[in-house]
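Asks: Quick one: this structure, given as structure tokens, is what I'll be asking you about.
The values are calculated or read from the model by the stated rules, or taken from the named source; none is laboratory data. Bear in mind the structure is a predicted one, so any value in this text is a computation, not a measurement. As a convention, Cβ positions derive from the backbone with ideal geometry for all residues, glycine included, and neighbour counts pool all protein chains shown. The area values use the complete protein model at the heavy-atom level, side chains included, leaving out ligands, DNA and RNA. Shrake-Rupley method; radii C 1.70, N 1.55, O 1.52, S 1.80 Å.
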Amino acid sequence: MTNLPLSLTINGHRHDLEVDPRVTLLDLLRERLELTGTKKGCDRGQCGACTVLVDGKRINSCLALAVSHDGADVLTIEGVAHGHDLHPVQAAFIAHDGFQCGFCTPGQIMSTLGLIAEGQAGDDPERIREGMSGNLCRCAAYGGIIEAVLEARENLARNNSEKTERRTAA
Amino acid sequence: MRDFDYIRPSTISDAIAAAAEPGSAYLAGGTNLLDLMKGGVASPERIVDITRLPELNRIERLADGGLRIGALVRNADLAHDEAFAKAYPAVAEALLSGASAQLRNAATVGGNLLQRTRCSYFYDTASACNRREPGSGCDALGGENRLHAVLGWSEACIATHPSDFCVPLVALDAVVEIEGREGRRHVTLEEFHRLPGDAPQRENALEAGDLIVAVRLPAEAASFAGNARYLKVRERTSYAFAVVSAAAALIVDGGKIRAARLALGGVAAKPWRARSAEAVLLGAEANEATFASAADAALADATPSGDNAFKIELARRIVVRALMSAQAGTPARMPALPASPFFSLPGARHDA
């Protein structure tokens, strides 16, 4: 099979590539572009370790053919922090001991970003549990993750309203 | 994963012509197809990527009051569409009870109808499976089959259809809009999926090249909005397929049931419309005794296919509970754990 052209914006940078159509978005990120923060866990859409945002929505990158996502905007864990400044979700995970080992954590962070963007991170812990249930881990960090999601959601909402106030004042 | 040709047609007619060639498979969300390809269960020679086909990702209200949902609408987008969830709450609840947020963001309406069974023998290419390889036998018969079918199964296959979405859809008389080489046609969802008989590999009404372009809900389906529930029992509270599920919708007038819809999931190779139970409900008093009679009617023809006799009793109880929940009224807000029976009745909430 001949390689096919593919253009992706990943963490704000455009990549023009040629790929074998069998390559998943996950393998493209890890093996070709050396963005190894996104993890390959089950590789079958069950564990959530490969979660990335595509056009703002979280998906399992292991079940996505790269060529099928031509033109997409992809955000991976490498694109979340601003230089040395952690994203509020990352900071909240540290503050509430929501970190697991490095294997599940990137997927959990990306999934939290997706959950908040979807407007589904309500204040009911059951809702957060359900919203995060696509990310599996046995490191027992779930309790901390719920606290982290709640705090990150509030901090992001506050940041957004402060930005709005600044814009209004200006 | 085996090598394949990949094409991305820009028109429906080009897609149909390509998919009509032997060895072709449509790709939309890919959440089931890629999984099957990685496991060697499916090995298409040609992938026809339909994600860029125009006008298949719309939700449209029809002049007759019905709704037309494009085949490429994502499960999450449909479930979170406010107007949709208000008019068809049991369908939204079923969608949100299925899979995980990541999968619901990718999976499509059309793909959901076509997802394959989760029978572990179908997935295990070392096992005999008439559905995967016609004539090879069925290792589920006499095997680990506590999750297999209790209705409509045959000696050739005891697998179940895994969809949640299809269960309330079949209860609400959904219609599948199909475009093929001969033009466009409509098939009721009830007739769309086939029982296994002696040819379990033929799972639905699609012919070579046929493309699902939309799913329609008739105007009447929205009239159940105030009293409709989907309940699902599973082995975890979230992110698991149904052991048994039920969609129930009622219109009650002066204590009597004026209209009733009931369908079950996890019990057969297709979403199971329980018409005999609906006949029991129609015109009867809306109470637990009536619901129990309806549940008996729904499961009257059920027979265990191995270790799963418990599912028959479980299904009876879920039918009663779904009907009681429907009678009690659609929740004002989507439950935190959609379709969980723990949220179905006043006083039963486990966070209360």
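Asks: With solvent modelled as a 1.4 Å probe, how much accessible area in total do chains B and A shield from it at their shared surface, in Å² to the nearest 100?
Replies: 3000 Å²
Asks: Using the Cα atoms of the protein assembly as shown, I'd like the radius of gyration and the largest Cα-Cα distance, Dmax, both in angstrom.
Replies: For the protein assembly as shown, the Cα-based Rg and Dmax read 23.2, 74 Å.
Asks: Would you be so kind as to identify which of A:LEU26, A:THR38, A:ALA49 lies farthest towards the positive end of the dipole of segment A:1-55, taking Lys and Arg as +1 and Asp and Glu as -1 on Cβ and the Cα centre as origin?
Replies: Going by the Cα projections, it comes out as A:ALA49.
Asks: Does segment A:56-149 come out rounded, prolate or oblate by the C-alpha gyration tensor, with a ≥ b ≥ c the root eigenvalues, rounded set by a/c under 1.5 and, if not, prolate when a/b is larger than b/c and oblate if not?
Replies: Taking the square roots of the gyration eigenvalues as a ≥ b ≥ c, segment A:56-149 is prolate.
Asks: For chain A, what proportion of DSSP beta bridges, expressed in % and rounded to the nearest 5, is antiparallel?
Replies: Taking every DSSP beta bridge within chain A, about 90 percent pair in antiparallel fashion.
Asks: Another question, then. Suppose only helical runs count, i.e. DSSP H with n ≥ 4. What mean residue ellipticity at 222 nm does that imply for the protein assembly as shown under -39500 (n - 2.57) per run, divided by all residues and rounded to the nearest 500 deg cm²/dmol?
Replies: Using -39500 (n - 2.57) per qualifying helix, the result is -8500 deg cm²/dmol.
Asks: While we're here: Over the protein assembly as shown, what is the percentage of antiparallel beta bridges among all DSSP beta bridges, to the nearest 5?
Replies: DSSP beta bridges in the protein assembly as shown are roughly 85 percent antiparallel.
Asks: Provide B:PHE224, B:PHE342 ordered by accessible surface of protein heavy atoms (probe 1.4 Å), highest first.
Replies: B:PHE342, B:PHE224
Asks: If you count only protein heavy atoms and use a 1.4 Å probe, how large is the accessible surface of B:GLU21, to the nearest 10 Å²?
Replies: For B:GLU21, the solvent-accessible surface is approximately 100 Å².
Asks: When the accessible area of each residue in segment B:38-58 is compared between its chain alone and the complete protein assembly (1.4 Å probe; ligands, DNA and RNA ignored), which residues differ by at least 20 Å², being lower in the assembly?
Replies: B:LYS38, B:ARG52
Asks: Which whole number gives the average, over all residues in A:109-118, of C-beta atoms from other chains lying within 10 Å of the residue C-beta?
Replies: 1
Asks: Go through A:THR164, A:ILE116, A:ALA141 and say which Cα lies farthest out towards the positive end of the charge dipole of segment A:104-170; charges sit on Cβ, +1 for Lys and Arg, -1 for Asp and Glu.
Replies: A:THR164
Asks: Rounded to the nearest 10 Å², what accessible area does B:ASP14 have for a 1.4 Å probe in the complete protein model?
Replies: 80 Å²
Asks: Sorted by accessible area (1.4 Å probe), largest first, how do A:LYS163, A:LYS40, B:LYS232 line up?
Replies: Correct descending sequence by accessible area is A:LYS163, A:LYS40, B:LYS232.
Asks: Keeping all protein chains in the complex and leaving out DNA, RNA and ligands, what accessible area do you get for B:MET1 with a 1.4 Å probe, in Å² to the nearest 10?
Replies: Rounded to the nearest 10, the figure is 80 Å².
Asks: Something else: How about B:LYS256: which aspartates and glutamates have a C-alpha closer than 17 Å to its C-alpha, ignoring those fewer than 8 places off in the same chain?
Replies: Correct list for B:LYS256: B:GLU278, B:GLU285, B:GLU288.
Asks: State which entries of B:LYS38/B:LYS232; B:LYS86/B:LYS311; A:LYS39/B:LYS232; A:LYS39/B:LYS38; A:LYS57/A:LYS163 exceed 20 angstrom in Cα-Cα distance in the structure shown.
Replies: Where the Cα-Cα span goes over 20 Å, the pairs concerned are B:LYS38/B:LYS232; B:LYS86/B:LYS311; A:LYS39/B:LYS232; A:LYS57/A:LYS163.
Asks: Hey, got the average number of other protein chain Cβ atoms within 10 angstrom for residues in B:91-102?
Replies: Mean partner-chain Cβ count within 10 Å for B:91-102: 5.
Asks: Toward the positive end of the charge dipole of segment B:13-115, about the Cα centre and with charges on Cβ (Lys, Arg +1; Asp, Glu -1), which of B:VAL73, B:GLY40, B:ASN105 goes farthest?
Replies: Comparing the listed Cα positions along the dipole, B:ASN105 ranks first.
Asks: How big is D for segment A:1-107, in µm² s⁻¹ as a whole number, if Stokes-Einstein is applied with the Kirkwood radius of its Cα pairs at 25 °C and 0.890 mPa s?
Replies: The Stokes-Einstein estimate is 172 µm²/s.
Asks: Can you list residues whose amide H is under 5 Å from B:ARG118's amide H, if they're 5+ apart or on another chain and H is modeled 1.01 Å from N?
Replies: B:THR160
Asks: Apply 1/(1 + (r/R0)^6) to the Cβ-Cβ distance of A:ASP124 and B:ARG184, taking R0 = 41 Å, and write down the FRET efficiency to the nearest 0.05.
Replies: Result of the calculation: an efficiency of 0.40.
Asks: Given the options B:ASP124, B:ASP296, B:ASP49, state which has the largest fluctuation in a GNM of chain B using a 10 Å cut-off (strictly under) for Cα springs.
Replies: Its mean-square fluctuation being the largest, the pick is B:ASP124.
Asks: Further question: Could you work out the Kirkwood radius for chain B, taking every pair of different alpha carbons, averaging 1/r and inverting it, reported in Å?
Replies: 20.5 Å
Asks: Return one quarter of the surface area of the convex hull spanned by the alpha-carbon atoms of segment B:1-78, equal to its mean projected area, in nm².
Replies: Value for segment B:1-78: 6.1 nm².
Asks: How large is the charge dipole for the protein assembly as shown, taken about the Cα centre, if only the Cβ atoms of Lys, Arg (+1) and Asp, Glu (-1) carry charge, to the nearest 20 debye?
Replies: Dipole of the protein assembly as shown, to the nearest 20 debye: 660 debye.
Asks: With a 1.4 Å probe and all protein chains in place, put B:SER154, B:SER10, A:SER61 in order of accessible area, largest first.
Replies: B:SER10, B:SER154, A:SER61
Asks: May I pose another question? Within the protein assembly as shown, what whole-number % of the accessible surface is contributed by carbon and sulfur, with the 1.4 Å probe and all protein chains included in the calculation?
Replies: Solvent-exposed carbon and sulfur of the protein assembly as shown make up 49 percent of the total.
Asks: Mind checking Rg over Rh on segment B:67-210, alpha carbons, Kirkwood formula for Rh?
Replies: Reported Rg/Rh, Kirkwood definition of Rh: 0.99.
Asks: Run the quick spin-label model on B:ARG61 and B:ALA83: label points 7 Å from Cα toward the beta carbon, then report their separation in nm to one decimal.
Replies: 0.5 nm
Asks: For segment B:30-124, state what percent of all Cα-Cα pairs lands in each successive 5 Å bin, counting from 0 Å until the bin that includes the largest distance.
Replies: 2, 12, 20, 22, 18, 13, 8, 4, 1, 0
Asks: Give me the accessible area per residue for chain B, probe 1.4 Å, as a whole number in Å².
Replies: With all protein chains present, chain B gives 39 Å² per residue.
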